[in-house]
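The values are calculated or read from the model by the stated rules, or taken from the named source; none is laboratory data. Since the structure is predicted, the reported quantities are computational estimates derived from the model, not experimental observations. Virtual Cβ from ideal backbone geometry, glycine too; neighbours counted across all protein chains shown. What goes into the accessible areas is simple: the full protein's heavy atoms, side chains included, and nothing from ligands, DNA or RNA. Shrake-Rupley method; radii C 1.70, N 1.55, O 1.52, S 1.80 Å.
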Amino acid sequence: MALKAVHVSDVPNLDQVPENASLALYSTRFSKGVEMGRVASRIPKFLVIGHRGNGMNALQSSDRRMRAIKENSIASFNSAANFPIDFVEFDVQVTKDDCPVIFHDNFILSEENGTVCERRVTELCLSEFLCYGPQREAGKEGKTLLRKTKDGKIVRWDVEKDDSLCTLQEAFEQVEPSLGFNIELKFDDYVVYEQDYLINVFQAILQVVFNYAKDRPIIFSSFQPDAALIVKKLQSTYPVFFLTNGGTELYYDVRRNSLEEAMKLCLEGGLQGIVSEVKGVFRNPGALTKIKDAKLSLLTYGKLNNVAEAVYMQYLMGIEGVIVDLVQEITESVSDMIKPTTAEDGGDKNLLEGDGKMQMQVKSKPEFSQRELSFLLKLIPELIQL
């Protein structure tokens, strides 16, 4: 079930922004001079974004890298910052006492007296939320943290490097300041939210962002159409992207069911871009031209983004960035495949307009002719299954 539809025009604008708030989507990690405007947006380079920090936790995976560091933690964010990434993506929910916290799942699980206990994150107060997992105070033991897998199995949340749960404010205070934050506004697909509740949630989040972001680049994103529209209405400082499965899954709310619907939502609501499941783009590459013509940015997420060749293909297609789990491997591959040069260096793949602007030179990977690229774009949808 989708969010309850609201009249966004009725939402008051709460854009109370300090003078030093970031107005551009770049930091010292980016090439300078390409601004992220409030209406039309341009991303200055091919972005690499760490999923939940240094990568999500897949606790049943045979790949140790998927269990290396606790996802959505300060340790994971700062580990990702050791590599040449531009943003970390993480999930924000608001506790019942109005504190924005970073946690992906709708429910938090623990074991008490041999019984598995499940609590909704948004029904906990902050002190209750922070009682789970490793504790900051020496000698204090937190509640055992469990997790429910997609197939319904309950497993211990065991990782090689654990860390405490954290708040959004702590992330701003303790994470490398040049690292951008892609803040996903997290909601339960099976709950209908009233407009007043959503506004209260966003007020709590925006208060922290405006007080602590300083010059840090920020992107807001959400899978929930009304949430994305409302947060855009409440502020105009930071870009808002709509998250979509791109048609790889179907929902009650038709706005979530295709790239075309996502583009329509963005244009009607003044959103700056789309973050799509990469399979949705590969299945429907023709939508990319429409998105570009509409002057919207396009980022992707999904398991295929952990495959260097799939990332390279997206670069060739003109997609502007990828959210990845294997941060070290993909940043190394991107650095190897896409080498920044100046015009004087003789780079032969000019992706930015104007003389003397930065060019991108493909390194260590085969060049594709336009005919070959056209063939691949026709072939890929046949290879990508729902």
### Query
Using the Cα gyration tensor of the range 181-273, with a ≥ b ≥ c the square roots of its eigenvalues, what is the shape: rounded (a/c below 1.5), prolate (a/b larger than b/c) or oblate (neither)?
prolate
### Query
Quick one: how many Å² of Lys143 are accessible to a 1.4 Å probe, rounded to 10?
80 Å²
### Prolate/oblate/rounded label for the range 91-198 (Cα gyration tensor, a/c 1.5)
oblate
### Task
With label points built 7 Å along Cα→Cβ from the Cα atoms of Tyr252 and Thr289, find their separation and express it in nm.
3.7 nm
### Query
From the square roots a ≥ b ≥ c of the eigenvalues of the alpha-carbon gyration tensor of the range 143-234, which class results: rounded (a/c under 1.5), prolate (a/b over b/c), or oblate?
oblate
#### Entry: Within the range 47-72, backbone nitrogen closer than 14 Å to the virtual label 7 Å beyond the Cα of Asp158 toward Cβ
59-62, 64, 67-68
### Query
Stretch Asp63-Lys96 to full length: gain in nm at 0.36 nm per residue minus the Cα-Cα span?
8.3 nm
### Task
Over the range 74-212, with every protein chain in place, what whole percent of the accessible area is carbon and sulfur at 1.4 Å, could you tell me?
44 percent
### Task
Could you state the accessible area per residue of the range 35-171 in Å², with a 1.4 Å probe and every protein chain left in place?
46 Å²
### Query
How far, in nm, would the chain grow between Lys150 and Tyr190 when pulled straight, counting 0.36 nm per residue and subtracting the alpha carbon separation?
12.8 nm
### Task
Note down the relative contact order for the range 225-270 as a percent, whole number, built from C-alpha pairs under 8 angstrom at least six residues apart.
33 percent
## Note on the structure
Once Lys and Arg are counted +1 and Asp and Glu -1 for all other residues with Cβ under 10 Å from that of Phe220, the total becomes 0
